[in-house]
Amino acid sequence: MDDTTRSERSRILGATLPDDLGAAAPALQRDDQADPEAAQLHTMLEVAYLAAAADGELADAEIHHLAANLSAWLQAELDQAFLIKLFEHLGAQLAAEGATARLTAAAASLDPEARRTAYKLACVTALCDLEVHDDELGFLSQIAAAFEIPMEEAQATFDELDEAVTGLAAGA
C-alpha cells in the first residue's frame, strides 16, 4: 500500500475513535502511575499492540507505522521513542505471559465502556494495513470474548469500520 493510501486509511479509521481518547497521553508519557486515565490509556494501547502482533509478526516497519498511527489517532504528540520503548515492554510481557493472560489483565482493569473503546482501537489497528488475516480476525474474537462484548456487537463494530474504508480500498 502506498503512503498516501495508508495515510488516508489511517485518517478515516482514526475519525471513528473517540475525540478524547488521547487526553491522558501527556500523563502516560510522564509515566504518572497515579493517573487512572493514563493507566487506562496504557491498557488500551496494549490491546492495540496485541492486535497488531496477533499474526505472530511485528516487523520494525509495522511498529513504526503503529506508533505513527497511534499518535494521529490519539491526537496527541507521543514521542516515537516513548512508543517504541512501550512496545518493547509490551512485547516482553506478551512473550512472558501470553496473549490470553494479557487480555485477562486488560479486561480486569477496564470498565465496560473502556473495553468497547479498546476493542474498537484493536479493530482499527487490524484494519489499518488493508490485510486482515484469519489469525487477526480470530484474535479480535478473543478480545471480544475476554471483554464480554457480545459477538453480534463485536462483528457489527468490525463491519462498520471495515465499510468506512472499503470505498478507499476499492478506489485504490
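FYI, it's all coordinate maths here, none of it is from the lab. Just so it is clear, the model here is predicted, and its values are computed rather than measured. With ideal geometry, Cβ positions are generated from the backbone for all residues, glycine too; neighbour counts draw on all protein chains shown.
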Cα gyration tensor category, rounded, prolate or oblate, for the stretch 88-167 with a/c compared to 1.5 = oblate
Please work out the C-alpha center-to-center distance from the stretch 82-155 to the stretch 49-65 and express it in whole Å.
-> 12
Quick one: if the Förster radius is 25 Å, what FRET efficiency do residue 108 and residue 59 give, using the C-beta to C-beta distance and rounding to 0.05?
-> 0.25
Radius 10 Å from Cβ of residue 71, net charge of other residues (Lys, Arg +1; Asp, Glu -1) = -2
To the nearest 0.05, how large is the calculated FRET efficiency for residue 96 and residue 145 if R₀ is 25 Å and r is the Cβ-Cβ distance?
-> 0.65
If eta is 0.692 mPa s and T is 37 °C, what Stokes-Einstein diffusion coefficient results for the stretch 65-130, Kirkwood Rh from Cα pairs, in µm²/s?
-> 249
Just the number, please: Stokes-Einstein D of the chain in µm²/s, Kirkwood Rh from C-alpha pairs, 4 °C, 1.567 mPa s.
-> 81
Cα-based shape type of the stretch 27-106, given that a ≥ b ≥ c are square roots of the gyration tensor eigenvalues and the cut on a/c is 1.5 | oblate
Using R₀ = 41 Å, calculate the FRET efficiency as 1/(1 + (r/R₀)^6) where r is the Cβ-Cβ separation of residue 89 and residue 153; round to 0.05.
-> 0.85
Most to least packed among 153-162, 7-16, 56-65 [average Cβ atoms within 10 Å] | 7-16, 153-162, 56-65
